[in-house]
Amino acid sequence: MMQQSFYQDTVLASGLYGDQIQGGRDNQQDTFSILAEEDALLLVLADGMGGYTGGELASRAAVEGFSRAFERESGSPGEKMKAALAAANEQVLAVRKKEGKDEEMGTTLVAAWIGREGLRWVSVGDSLLLLIRKEKMFLLNELHQYSEELDRMADEGVISRDEALNHPSRHFLTSALMGREIFLVNLQEECFPLVPGDRLLVASDGVESYLNSMGPARIRYLSMLSAEELVRSVLDGISRGGDPNQDNATLICVEIPGA
């Protein structure tokens, strides 16, 4: 049986660390969970939306619903993730109805399953799954933002590149868990191989701007840190930025052993 840890402020284990900051927001709308067994990990993160308490309730419902369903279901990790995503969506709907929340209450979700053979994931929305390997950082999952459509329009010459980059709706979500049809899902059922020394990052979008601003030297530095050191370094850097509009920021890091 996996050991569950729901919406904790900090989770720490060997080669594994997760933490979050509130930023400039009045409350914390990010929720994360780490489920661990002897030969596998399941990392789940949700970033809620929908008013002062709506986002917090939605993200917590999604993480709990996903994690519990993943444990309950049988089959391959991919099959279990599909069933767990549906359960998370249903849990968001149940909470929204119970609380009488409006139609805009919802959440992103990203879940990463790490086993002996490698990585599988599922994501909805714009929370991030990143890989630091050999001093370079890669985005693994698809981000369901209107930015994808704007960039396509810029490539086709419909709008300019500057218009695409500065569009006021650029970061609007094109998919989320809201208790109804999920428009876009990024599901990686085939095993993605990991190698010793990899750092796998699961993050809310409150971390995105800081990570995007890093140059090669900074990424090289992070690639040499332990999981705890990496998370603390990134979240401390965001906090030092002092942005009064800083979103909630959550980051989980897994260090693949053997390097």
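Things to note:
- Selected from 230, 121, 178, residue furthest toward positive end of dipole (the chain; charges at beta carbon): 230
- Estimated inter-spin distance, residue 94 and residue 37, nm [label 7 Å along Cα→Cβ]: 2.2 nm
- The mean accessible area for residues of the range 128-259, using a 1.4 Å probe and ignoring ligands and nucleic acids, is 53 Å² per residue.
- Overall form of the range 84-176 per C-alpha gyration tensor (a/c, 1.5; a/b vs b/c): oblate
- Straight-line cross-link partners of residue 134 among the aspartates and glutamates, defined as a Cα under 15 Å from its Cα and at least 8 positions apart when in the same chain: 198, 255.
- Contact order for the range 132-259, expressed relative to its length and based on alpha carbon pairs under 8 Å spaced 6+ residues apart, stands at 31 percent.
- Global geometry of the range 61-137, whether rounded, prolate or oblate, following the gyration tensor of its Cα atoms and the 1.5 cut on a/c: oblate
- Under 27 Å from the Cα of residue 98 - lysines, other chains or at least 8 residues apart: 80, 82
- Charge dipole (the range 56-108, unit charges on Cβ, about Cα centre) - positive-most of 78, 105, 95: 78
- Sites listed here are trypsin sites (Lys or Arg not before Pro) in the range 78-152 whose DSSP assignment is loop and whose Cβ has at most 15 other Cβ atoms within 10 Å: 116, 134.
- Length added when fully stretched, residue 135-residue 159, from 0.36 nm per residue minus Cα-Cα: 5.2 nm
- Residue-by-residue Karplus 3J(HN,Hα) for the range 231-246, coefficients 6.51, -1.76, 1.60, Hz, glycine and proline x: 4, 4, 5, 5, 5, 5, x, 5, 4, 5, x, x, 5, x, 9, 4
- A cut-off under 15 angstrom between Cβ atoms defines the neighbours of residue 79, and their net charge, with Lys, Arg +1 and Asp, Glu -1, is 0.
- Of the solvent-accessible surface of the range 37-117, computed with a 1.4 Å probe and all protein chains present, 44% belongs to carbon and sulfur.
- Contact order normalised by residue count of the range 184-259, Cα under 8 Å, 6+ apart, percent: 56 percent
- Note, ³J(HN,Hα) from phi for the range 118-132, Karplus 6.51, -1.76, 1.60, rounded to Hz, x at Gly and Pro: x, 10, 9, 8, 9, 8, 9, x, 10, 6, 10, 10, 10, 10, 9
- Net charge contributed by nearby residues that have their C-beta within less than 15 Å of residue 212 (K/R +1, D/E -1): -3
- Residues of the range 127-141 with amide N under 18 Å of the 7 Å Cα→Cβ point at residue 212: 127-131, 137-141
- Derived scalar couplings ³J(HN,Hα) [the range 60-71; Karplus, 6.51 cos²θ - 1.76 cosθ + 1.60; whole Hz; x for Gly, Pro]: 5, 4, 5, 5, 5, x, 5, 5, 5, 5, 4, 5
- Heavy atoms of residue 253: accessible area, 1.4 Å probe, square angstrom to 10: 0 Å²
- Of 227, 36, 84, the residue with the greatest mean-square motion in the GNM of the chain, using alpha carbon springs below 10 Å, is 36.
- Each Lys or Arg adds one and each Asp or Glu subtracts one; over the other residues with Cβ under 14 Å from the Cβ of residue 183, this totals -4.
- Added length on full extension, which subtracts the Cα-Cα distance from 0.36 nm per residue, residue 195 to residue 174: 4.3 nm
- Relative contact order (%) - criterion: Cα under 8 Å, at least six apart; region: the chain: 25 percent
- Cα shape, the chain, gyration tensor, a/c 1.5 rule: rounded
- Label-point separation, residue 148 to residue 116 (7 Å along Cα→Cβ), nm: 3.4 nm
- Over the chain, dividing the summed -39,500 (n - 2.57) contributions of all DSSP H runs of at least 4 residues by the number of residues returns a 222 nm mean residue ellipticity of -10500 deg cm²/dmol.
- In a reduced charge model with +1 at each Lys and Arg Cβ and -1 at each Asp and Glu Cβ, the range 52-167 shows a dipole moment near 740 debye about its Cα centre.
The values are calculated or read from the model by the stated rules, or taken from the named source; none is laboratory data. Being a predicted model, the structure only gives us computed values, none of them experimental. Glycine also receives a Cβ, built like all others from the backbone with ideal geometry; neighbour counts cover every protein chain displayed. Each accessible area value is taken on the protein alone, full model and side chains, heavy atoms only, with ligands, DNA and RNA left out. Shrake-Rupley method; radii C 1.70, N 1.55, O 1.52, S 1.80 Å.
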